[in-house]
Amino acid sequence: MNEKERLLNVLKGDRVDRPPVICPGGMMSACVTEISDQVGGGHHTSSKAMVSAARKINELIGFENYGVPFCLTSEVEALGACVNLGDNLIEPRITRYNDKSLEVIMETYSPNEVTPVRMGIVLEAIRELRNSRVPVIGNISGHISTATSVVDPLEMFKLLRRDPERAARFMAFINDYLIRYALKMVKAGADVISISDPTATGEILGPRNFQKFAVPYYQNIIKALHQEGIPVILHICGNASNIVAALNEVEANAVSFDSIVNMKTAREKVKTGLMGNVSTQLLHTGEREKILSIIRNALHSEVDIVAPACGLSMATSVSNLKAMTDYVKEGYYK
């Protein structure tokens, strides 16, 4: 089996020789400083550098995919938030929210025009990465994380309680925007779409708001992608124990959890594919044997895909990450 066949078969629920080991990109980026230094920077703003970084992650670290972009800020920048793109040591981050009203934002930015500069660079990179051997994963931010990055998150969360209908209209606008972007990724050549929604935790939203403001929107975007024959991975940060039942409703092909989630328990409750959840703190600071021990636990918990549990520190060493990928490829059979 080649890398694309293995991942796509897993996401379809078919049997494979072993679990794939991936780092999808987006929030879960493996473009650590060592890789960024080799590329020479520019991997957020140049399609050539983005392609080079994606290929080096596959070739030098061993993650069995290409995944772009390497942040979750291109969509929110296109919706009027200000972003600092960081450097070889610091990831991109939002520096100022769009201070216009929700209604003005919805009138100003059209979902039909999903071709701003950085989003266009991502699409160009996907077209260049398209191939028959390595799966290309297009990454988008979930609607809740996008909404709370475009506008002040505290105000957005207050709105969920004070004016839920207005909040729902804005969430629907954001989700429509993301659907169109994801479909453009598919047209460019993405084999899989990964949705990371780090703000949509059960701890922040609670089960009731997750059911109301998260589930229907995930269902819409996943349905649109499934109609194109594209599988979807959904990553949720934090302790998801109180929203697992709701996650079964969204019908993602795989769900990815943070390291706080016990994967044996998750395996008993999650009906879809299960991805994760190797501690990113351990990958950053841990000794090789401790890292391998955590990977063994994940495999014994019957995860379908081995992956970092969340976003990697840019200071994470290539050697630690390669220890992870080597073990899954070689140690799985021992």
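Structure values in brief
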| read-out | value |
| --- | --- |
| The chain: Cα Rg divided by the 2.2 N^0.38 Å rule of thumb | 0.93 |
| Phi to ³J(HN,Hα) by Karplus 6.51 cos²θ - 1.76 cosθ + 1.60 over the stretch 192-204, Hz, x for Gly, Pro | 9, 10, 10, 10, 10, 10, x, 7, 8, 8, x, 5, 7 |
| Taking the C-alpha atoms of the stretch 165-253, convex hull volume expressed per residue in Å³ | 84 |
| Principal axes of the stretch 46-128: Cα extent on each, largest first, Å | 46, 29, 19 |
| Given Lys56/Lys100; Lys4/Lys264; Lys212/Lys271; Lys48/Lys322; Lys56/Lys271; Lys56/Lys223, the pairs whose alpha carbons are separated by over 29 Å | Lys56/Lys100; Lys56/Lys271; Lys56/Lys223 |
| Highest-first arrangement of 228-235, 292-299, where packing means the average Cβ count within 10 Å | 228-235, 292-299 |
| ³J(HN,Hα) computed for each position of the stretch 157-170 - Karplus, 6.51 cos²θ - 1.76 cosθ + 1.60, integer Hz, glycine/proline x | 5, 4, 5, 4, 8, 7, 9, x, 5, 5, 4, 5, 5, 5 |
| The stretch 190-334 - Debye-derived log10 I(q)/I(0), Cα point model, q = 0.09, 0.11, 0.14 Å⁻¹ | -0.28, -0.42, -0.67 |
| Charged-residue dipole, Cβ positions (Lys, Arg, Asp, Glu), the stretch 176-272 about Cα centre, Debye nearest 20 | 100 |
| Low-density loop positions, GluC sites (Glu not before Pro), the stretch 244-334 - DSSP coil, at most 13 other Cβ in 10 Å | Glu287, Glu302 |
| DSSP beta bridges in the chain [antiparallel fraction, %, rounded to 5] | 15 |
| Whole-Å distance, taken between Cα centres, linking the stretch 262-307 and the stretch 100-135 | 32 |
| Debye, to nearest 20: dipole size of the chain, +1 on Lys, Arg Cβ, -1 on Asp, Glu Cβ | 440 |
| 3J(HN,Hα) from dihedral phi, the stretch 282-289, Karplus parametrisation 6.51/-1.76/1.60, rounded to Hz, x for glycine, proline | 5, 4, 7, 10, x, 7, 4, 5 |
| Gaussian network model of the chain, springs between alpha carbon atoms under 10 Å - residue of Cys31, Cys71, Cys82 with greatest fluctuation | Cys82 |
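Rule-based calculations on the coordinates, nothing more; no lab input. The structure presented is a predicted model; accordingly, all values stated were derived computationally and were not measured. All Cβ positions, even for glycine, are placed from backbone atoms using ideal geometry, and neighbour counts span all protein chains on display.
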